[in-house]
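Accompanying notes for the structure given below.
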Amino acid sequence: MMQADNPRQTTGGYLFQVEVLVEGASNALAMSSLMQALNHPKVKDFRITGGIERGNAIERHESAAAKTTSGKKNGAALPDISEKKLKFFERLKNEGKLVRLIVVKGKGVKLSIPCRILHFDSDLGTLTIYHVDEKKVYSFKLNEIDDIIE
C-alpha cells in the first residue's frame, strides 16, 4: 500500500543560478531593489556575482572606462590600485564577509557602516556595498574610504 507524502516533512534547500534584470534609475537603486527581493525568509543565502548593466550597457561602460583611463588630463588619474588591495577587496567580496567601512564624506563627516562588499570596480575606483542595518546598497569612491575593519 502506498503512503501519502507527509506535508510536515522538512526538505533541504535548492540552489538556483539565475540572471535577473531589475529596472532602476541607477545601478545602486536597482541593486537595492534586488536586495529587498532577496531578503525573504525562504531565501537562506545568496551570492551576487555581478552587478554591472547587461548587454549594450556593458559595452558602453567598458568604452567609458577605457576613455577615462586613456584620456587622463593634466596628470589627473584614477587612484592607483595595488595588487594587494585588489586581492583584499576580492577576498572580502567572495567570502561575503561582514566588515565595517569607515567613510569620510564632505565637510569631514565620518560614517561607520556595517556592510558586505558587493562589487569593486578598479577602473572607476568605486566600491559598492550592502549596508546590513539599512538594507540598502551604496557606492563610494575609494578616496572617500578611510578604513575597512574586518
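The values are calculated or read from the model by the stated rules, or taken from the named source; none is laboratory data. Treat the numbers as computed from the prediction; the structure is a model and nothing was measured. Note that we place each Cβ from the backbone using ideal geometry, even for glycine, and neighbour counts take in every protein chain shown.
Go through the residues of region 30-51 one by one and say whether even a single one is assigned to a loop (DSSP other than H, G, I, E, B), surrounded by 10 or more Cβ atoms within 10 Å (Cβ to Cβ), modelled with pLDDT under 80 and among the hydrophobic types (A, V, I, L, M, F, W, C). Yes, there is a match, as at least one residue in region 30-51 is assigned to a loop (DSSP other than H, G, I, E, B), surrounded by 10 or more Cβ atoms within 10 Å (Cβ to Cβ), modelled with pLDDT under 80 and among the hydrophobic types (A, V, I, L, M, F, W, C).
If we scan region 54-66, do we find a residue that is part of a loop (DSSP other than H, G, I, E, B), surrounded by 10 or more Cβ atoms within 10 Å (Cβ to Cβ) and modelled with pLDDT of 75 or more? For region 54-66, residues part of a loop (DSSP other than H, G, I, E, B), surrounded by 10 or more Cβ atoms within 10 Å (Cβ to Cβ) and modelled with pLDDT of 75 or more: absent. A search for C-beta distances below 9 Å between a residue of region 125-150 that is loosely packed, with under 15 Cβ neighbours inside 10 Å and any residue that is among the charged types (D, E, K, R), counting only pairs 6+ apart in sequence or on different chains, returns 132/116; 146/110; 147/100; 149/100; 150/97; 150/100. Do we find a residue being touching a strand residue (DSSP E or B) at 6+ places or on another chain (Cβ under 6 Å), within 25 Å of residue 29 (Cα to Cα) and either aromatic (Phe, Trp, Tyr) or at pLDDT 80 or above (or both) anywhere in region 79-92? Yes: region 79-92 contains one or more residues that are touching a strand residue (DSSP E or B) at 6+ places or on another chain (Cβ under 6 Å), within 25 Å of residue 29 (Cα to Cα) and either aromatic (Phe, Trp, Tyr) or at pLDDT 80 or above (or both).
Applying the set (1) touching a Pro at 6+ places or on another chain (Cβ under 6 Å); (2) farther than 22 Å from residue 29 by Cβ; (3) at pLDDT below 90 to residue 125 leaves exactly one unmet item: (2). One residue alone among 102, 117 is more than 22 Å from residue 36 (Cβ to Cβ) and at pLDDT 85 or above, and that residue is 102.
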